[in-house]
Amino acid sequence: MDPVLVSHPLARIHLSALRDAKAPPARFRWHLHRLAELLFWEATRDLDTTARRVQTPLAETNGSTFARPLVLAPILRAGLGLEEAILPLVPDAVVAHIGIARDETTARPVSYYAKLPPVLAEADVFLLDPMLATGGSACAAADKLKAAGARRLRLLCVVSSPAGLEAVATAHPDLPVFTAAVDEGLNEHFYIVPGLGDAGDRCFGT
Ligand code: PRP
Ligand code: URA
């Protein structure tokens, strides 16, 4: 499945600010939050809703509600930078924290934590991580969510690499990907180039 490239001018402007190596954590997080909102907007465009009646102060009219529960699944740590901006848009969503960190030498994902809610099977689930480099972390997180029952998954990542997209498309051909950029590739340390560096470190100042 081809990724959905969110190339709205606002997304490109916020992404440029995010890439800027001089942006301190507060500014980095602010632009990351804006990109999270734009990616979530696009990723929910075709979300199923059901009709409900609403009583305004003047009359009864037709309204909408989500058809299913929503689950936000940030991959720690950097995924928190997306979740923080999206949760206020859908405050009834449930949050499924997934702790995965890359081994610094091999870049293979190492899973260290997961707290998954029981509603996964019936929910629309949004897997959140700003970076899709080798794709190992996103694939491992999707494996974990599916093993716990998730059936309707979407992946939101700000910057992706061709290799990461290929890995996701191979391991999870049913997983739609929403991204603001497909960069050139990976360097010898498996970092995305030009990318934006280490998203977790830049988000949290480590
Ligand atoms: C980063 C990033 C992704 C992962 C992407 O996390 O936030 O989770 O790397 O790389 P991949 O596609 O090659 O798996 P990292 O492992 O650095 O953990 P951190 O957010 O705790 O720093
Ligand atoms: N993780 C990051 O935070 N950045 C990259 O470029 C690759 C993995």
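For the charge dipole of the range 4-204, defined by +1 on Lys and Arg C-beta atoms and -1 on Asp and Glu C-beta atoms about the Cα centroid, which residue among PRO173, VAL71, VAL54 has the Cα displaced farthest towards the positive pole? So the residue we want is VAL54.
The trypsin sites (Lys or Arg not before Pro) found in the range 80-172 that occupy coil by DSSP, while having at most 14 further C-beta atoms within 10 Å, are ARG151.
Computed on protein heavy atoms with a 1.4 Å probe, the accessible areas place PHE190, PHE178 in the order PHE190, PHE178, largest first.
Measuring between their Cα centroids, the range 106-120 and the range 135-206 lie 14 Å from each other. A full extension of the chain between ALA51 and ALA107 corresponds to an added length of 15.6 nm, given 0.36 nm per residue minus the alpha carbon distance. For the set TYR113, TYR191, the ranking by accessible area, highest first and with no ligand, DNA or RNA atoms included, is TYR113, TYR191 under a 1.4 Å probe.
Computed from Cα atoms, the angle from the helix 25-43 axis to the main principal axis of the chain rounds to 50 degrees. Helix 162-171 axis versus longest C-alpha principal axis of the chain: approximately 60°, rounded to the nearest ten.
About its Cα centre, the dipole of the chain is roughly 400 debye, where the only charges are +1 on Lys and Arg Cβ and -1 on Asp and Glu Cβ. Dividing the summed -39500 (n - 2.57) terms of all DSSP H runs of n ≥ 4 by the residue count of the chain sets its mean residue ellipticity at 222 nm at -9500 deg cm²/dmol. Taking GLU37, GLU83, GLU60 as the candidate residues, the one with maximal mean-square fluctuation in a Gaussian network model of the chain, Cα springs under 10 Å, is GLU60. Here the accessible area is traced with a 1.4 Å probe on the protein chains. For the range 4-204, carbon and sulfur cover 57 percent of it.
Summarising the amide proton neighbourhood of ILE100: residues at separation of 5 or more, or on other chains, whose placed amide H is nearer than 5 Å comprise LEU76, TYR112.
When the range 1-97 is described by a simple charge dipole with +1 on each Lys and Arg Cβ and -1 on each Asp and Glu Cβ, the residue from LEU38, ALA85, PRO24 located farthest towards its positive end is PRO24. Comparing ALA26, ALA142, ALA17 in a Gaussian network model of the chain where C-alpha atoms under 10 Å apart are linked, the largest mean-square fluctuation is found at ALA26. Indicate the gyration tensor shape class of the chain (rounded, prolate or oblate), computed on the Cα atoms with a ≥ b ≥ c the square roots of the eigenvalues: a/c under 1.5 is rounded; otherwise a/b larger than b/c is prolate and the rest oblate. In terms of gyration-tensor shape, prolate.
The values are calculated or read from the model by the stated rules, or taken from the named source; none is laboratory data. Note that the structure is a prediction, hence the values are computed from the model and not measured. Heads up, the Cβs are rebuilt from the backbone with ideal geometry, glycines too, and the neighbour counts pull from every protein chain shown. Remember, those area values only see protein heavy atoms, side chains included, never the ligands or the DNA or RNA. Shrake-Rupley method; radii C 1.70, N 1.55, O 1.52, S 1.80 Å.
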